[in-house]
Ligand SMILES: Nc1ncnc2c1ncn2[C@@H]1O[C@H](COP(=O)(O)OP(=O)(O)O)[C@@H](O)[C@H]1O
Ligand SMILES: O=C(CO)[C@@H](O)[C@H](O)COP(=O)(O)O
C-alpha cells in the first residue's frame, strides 16, 4: 500500500495527517501555537512555531503509523494564506510573520492605488489592493523597518516556508501565490509589471508551480529527524481554501463550500476567470490546473467564537477538561436552546476589520440590542448568527455575479457544528452538506501529492473515488423568513456605524 501525508499550517494549529492511498486516515496529529497581537488590528505568528509544529507532527504520525518510510510517496502542503515570511542570507527568519488578518497596511493600500489604477490591479491580479494581502505587507516593512527589508533575501508564504524547511527549495504554487497580489492570476505567473511598479526584486520570490507538480524531495537532515525517506516527494500543495476545496470535492463548476476556521470563507469553483468588478470577493487560481475560484472572506469567523469562549467561558473549558469532551460541544448544546434571532440580539463579527463585503480595516465587533434579559447563551448564539450573516453576504455576492451553486458543502472547525450548519442552510436557503472525510485541507493536499506522484490520474478523478457525501442539513422556511429581517438590520448597522469606525480608529 502507498501512503501520503497532508500538512495544514492553520492559524490555530498545524494538522498533519497520514492517509493511505484510498484516502483513509491512518494517523493524525496536531500542535497549537499562539497568535500575537502587538497592537489593535495587528496579527503575527512565529514561523519557527509553524516549523516546530510541522516537524513534531510529522515525526509523530510516521512513528505511530509504523508504515515503512519508503511507502510514504508524497507530501502536500496547505496553509493560511497571505502571511509574509522573510529570510536573510543565512535563511534565518528576519521578523515574525505578519499574517492574513493583520490590518496595519491601510496606508500601503493607498500607496498601491496611487502607483497604478484600481482597474489595472484587478486586470492583472484579479483583485483590488487589499490590506491583508502580502504585497501591502512587503511595502509596510520596506517603509517602517528598512533595516529588516535590506536584510531580506527570500520572501515566502507560510506553507512555502515549510517547503523550504523540508526540501531546501524556495518555491510556491499558483493558488497561494494568487493571494500575494504579485501574480498575474489569469496567466498563472509572476507579474513583471506589478513587481516593477512596487520595486520588488523578482529574485526575492520563489519559482511558481502548479499545485500537483513536484517541487522537491525531503532533505537528508529532515529525513533523519522525522523518519521520512529522502525519496518522499513534496508537491506544490495549495492555500488552505484551495486545499479544502479538493478535500471536499469542490473541483467542478456548480460546486461550492463554506468553511468556518479562524476566518470564514464561501468558495465557488470556476472554470473561467470570474471577477467581481467591485472587488468584494477574491478571484484566485485554484489547485485544479487551468481553473480558478471565487471566494468571499469573513475575517473573524471561528475567531469570534474562540474569543468569546476564551474571555467568558472559563467554566465550560474546565468542565470540558474534566469530562474529556470538546468545549465546543458544550457551547453548541447551549446555543441550540436559544431561538433563532438570539432574542433580538445581533453581533457584528468585525474583530479584525472586515473583507467581504466592506473591505474595511477599521471596523470592529459590536453586540447590538443587549438587554438585561439576555444570557451568555444568547450572546453565544448571536456570535454564531453574526458570523453566518457575514457568510451570507459572501454567498449573496457570488449569486449576484451569476455563479450558480448547485451544491454547498460545509467544513472547517465550525463546519462540525450542526447548529451552525443549520444557520447557514436557513440563511442561504439551500441544503448544506458535509463529506465523510473531515480532514479538509490536509486531505486536499494529500490528493494533490497523490496526483503528483502518479497514484491518481487527476484531481477530479481522485475526488470522484475518495470523497463521499455524509450529512445534509435542510433549510427551515420559517427560520429563513425570520433571519431575512435580522439580516437587513445587520447590514444597516454597518452603514450606520461606518463613520464612527473611522473616528474610533483615529482616537
Ligand atoms: N465543534 C465545533 N463547533 C463550533 N465551532 C467549532 C467547533 N470546533 C471548532 N470550532 C471553531 O472552529 C475554529 C477552528 O477551526 P479550524 O478549521 O481548526 O481553524 P484554523 O484552520 O484557522 O486553524 C475554532 O476557533 C472555533 O471557533
Ligand atoms: O485570508 C484568508 C483567505 O483569503 C484565510 O482564509 C486564511 O487563509 C486563514 O485561514 P484559516 O486559518 O481560517 O483556515
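Could you give the nm distance between label points at residue 336 and residue 66, where each point is 7 Å from its Cα heading toward the beta carbon?
With each label placed 7 Å out from Cα toward Cβ, I get 3.8 nm.
With the calculation restricted to Cα positions, what are the radius of gyration and Dmax of the stretch 1-94 in angstrom?
Looking at the stretch 1-94, its Cα Rg and Dmax stand at 15.3, 50 Å.
Over its Cα atoms, what ratio of radius of gyration to 2.2 N^0.38 Å does the stretch 414-475 give?
Computed over Cα atoms of the stretch 414-475, the ratio equals 1.36.
For a quick protection proxy, order the peptides 397-404, 448-455 by their average other-Cβ count within 10 Å, most packed first.
448-455, 397-404
So if R0 is 56 Å, what FRET efficiency would residue 404 and residue 325 give, r being the distance between their Cβ atoms, rounded to the nearest 0.05?
My answer for the efficiency is 0.90.
When only C-alpha pairs under 8 Å and at least 6 residues apart count, what is the relative contact order of the chain, in percent?
In percent, rounded to a whole number, it is 16.
Using 0.36 nm per residue of separation minus the Cα-Cα distance, give me the extension gain between residue 145 and residue 317 in nm, one decimal.
Gain on extension, residue 145 to residue 317, equals 57.9 nm.
Residue 271 to residue 189: FRET efficiency via 1/(1 + (r/R0)^6), r the Cβ-Cβ distance, R0 30 Å, to the nearest 0.05?
The computed FRET efficiency comes out at 0.95.
In percent, what relative contact order does the stretch 308-418 have, based on Cα pairs under 8 Å that are 6 or more apart in sequence?
Over the stretch 308-418, the number comes to 24 percent.
Label the stretch 352-427 by shape, choosing from rounded, prolate and oblate, from the square roots a ≥ b ≥ c of the eigenvalues of the Cα gyration tensor; if a/c is under 1.5 it is rounded, and otherwise prolate applies when a/b is larger than b/c, oblate when it is not.
oblate
With just the Cα atoms defining each centre, how far is the stretch 1-52 from the stretch 331-401? Give it in Å.
If we compute the Cα centre of each part, the gap is 27 Å.
Rank the residues 347, 501 as a footprinting-exposure proxy: fewest other Cβ atoms within 10 Å of their Cβ go first.
501, 347
Please report the relative contact order for the stretch 74-170, taking Cα pairs under 8 Å with a sequence separation of at least 6, and give it as a percent rounded to a whole number.
40
Can you tell me what percent of all Cα-Cα pairs in the chain are more than 34 Å apart?
In whole percent, the long-distance tail amounts to 32.
Run lengths n ≥ 4 of DSSP H only: what is the helix-derived mean residue ellipticity at 222 nm for the chain, with -39500 (n - 2.57) per run over all residues, to the nearest 500?
The helix-only estimate for the chain comes to -12500 deg cm²/dmol at 222 nm.
Quickly work out the residue 344-to-residue 52 label distance, labels modelled 7 Å from Cα along the C-beta direction, and quote it in nm with one decimal.
If labels sit at residue 52 and residue 344, their model points lie 5.1 nm apart.
Looking at the square roots a ≥ b ≥ c of the eigenvalues of the Cα gyration tensor of the stretch 304-448, which shape do they give, rounded for a/c under 1.5, prolate if a/b is larger than b/c, or oblate?
oblate
By how many nm would the segment from residue 90 to residue 492 grow when fully extended, if each residue of separation counts as 0.36 nm and the alpha-carbon distance is taken off?
So the extension gain works out to 139.5 nm.
Order the peptides 248-258, 136-146 from the highest to the lowest mean number of other Cβ atoms within 10 Å of their residues.
Top to bottom by mean Cβ count within 10 Å: 248-258, 136-146.
Where a ≥ b ≥ c are the square roots of the eigenvalues of the C-alpha gyration tensor, would you call the stretch 164-323 rounded, which needs a/c under 1.5, or, failing that, prolate if a/b is larger than b/c, or oblate?
Here the stretch 164-323 falls in the oblate category.
Show me 188-201, 54-67, 290-303 ranked by packing, highest mean number of other Cβ atoms within 10 Å first.
290-303, 54-67, 188-201
No value in this document is a laboratory result; all are computed from the given coordinates. No experiment lies behind these values; they were computed from the predicted model shown. Cβ sites come from the backbone with ideal geometry, for glycine too, and all protein chains shown count toward neighbours.
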